[in-house]
Amino acid sequence: MSGTGPVEPGEGTHAWDTSDADRTTAATHTPGPADALDTDALDTDATTPAAPLLRRLARHHATHRRAASAALTAMLLLAGGGYLCATRPHDTERATPAPPFPSQVVDVTYLGQVAVPPGTRPRTFAFEVLLGVDSGPPVTVTRVAQPYAGLSLTSAPRAPFRTKAGSVRKVVITMHATECEKIPRDAGLPFIDVTLRNARAIQVHSYILGTHYAHDLSEALQVACSNDSGHHQNARDA
């Protein structure tokens, strides 16, 4: 035989064509990490039959991830708002105002001089005032006093006494001159000190009763501490 040609397979052997080799490789290959979805490659390799489906899956995954992140952010904002709402003061607490101070709601008005009962000791005189409470809780008068050292004072009703909001009470203030030399005869703006108490506070407030009271007090002191009255009182003390 002359010439050369393809070598024929011998007995017990057979030829492998390309399609058989490809099929064997595909049958024995196990997919690994390198075979994972590569969206960048899919974007450039438009000829791959599965590329459109895989790109849709990748976009769906990215959209789902953004939605989950937005939902988590909304949950955190709601939780923070609930915490602030739970910790801030309630409207009912802010709506309850504190009661007023007693001196803000109590008025004392001078009414005039009144006669003392018969048999009262000399150098004694009395005045009448009107005490009113405008609003708020009841106010208790715990003490009524005046600033002069030589003059004592009592009230009727005796302290302590209580007055409710929206009501007034007449109070008789009786004074007794114990040491005339310590008392100014013509005080310009005399006042009385009243100790007040309510649910808010205890206060000592000075009430200036006006020129009418100043005139009546000076006149009463002139009579109580005149020479005749003083001489009569010294004789009785002796």
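Structure notes:
- Note on residue 200 and residue 143: their simple-model spin labels are 2.2 nm apart, each label 7 Å out from Cα toward Cβ.
- Lys/Arg +1, Asp/Glu -1 at C-beta; region 102-237 dipole; positive extreme among 214, 178, 165: 165
- Around residue 195: net Lys/Arg minus Asp/Glu count, Cβ-Cβ under 15 Å: +4
- Annotation for region 101-188: GluC sites (Glu not before Pro) lying in DSSP loop with at most 16 further Cβ atoms inside 10 Å of their Cβ are 179.
- Taking 0.36 nm per residue of sequence separation and removing the Cα-Cα distance, the residue 211/residue 96 pair yields an extension gain of 37.3 nm.
- Remark: region 102-237 carries a charge dipole of roughly 640 debye about the Cα centre, counting +1 on each Lys and Arg Cβ and -1 on each Asp and Glu Cβ.
- Debye equation applied to the C-alpha atoms of region 102-237, log10 I(q)/I(0) at 0.10, 0.12, 0.19, 0.21 Å⁻¹: -0.35, -0.49, -1.07, -1.24
- Considering only alpha-carbon pairs that sit under 8 angstrom and 6 or more positions apart, the relative contact order computed for region 102-237 is 27 percent.
Taken together, the values in this text are just the output of simple stated rules run on the coordinates, not laboratory data. A quick note: this is a predicted structure, and the numbers were derived from the prediction, not measured. Glycine gets a Cβ as well: all are built from the backbone with ideal geometry, and neighbour counts include every protein chain shown.
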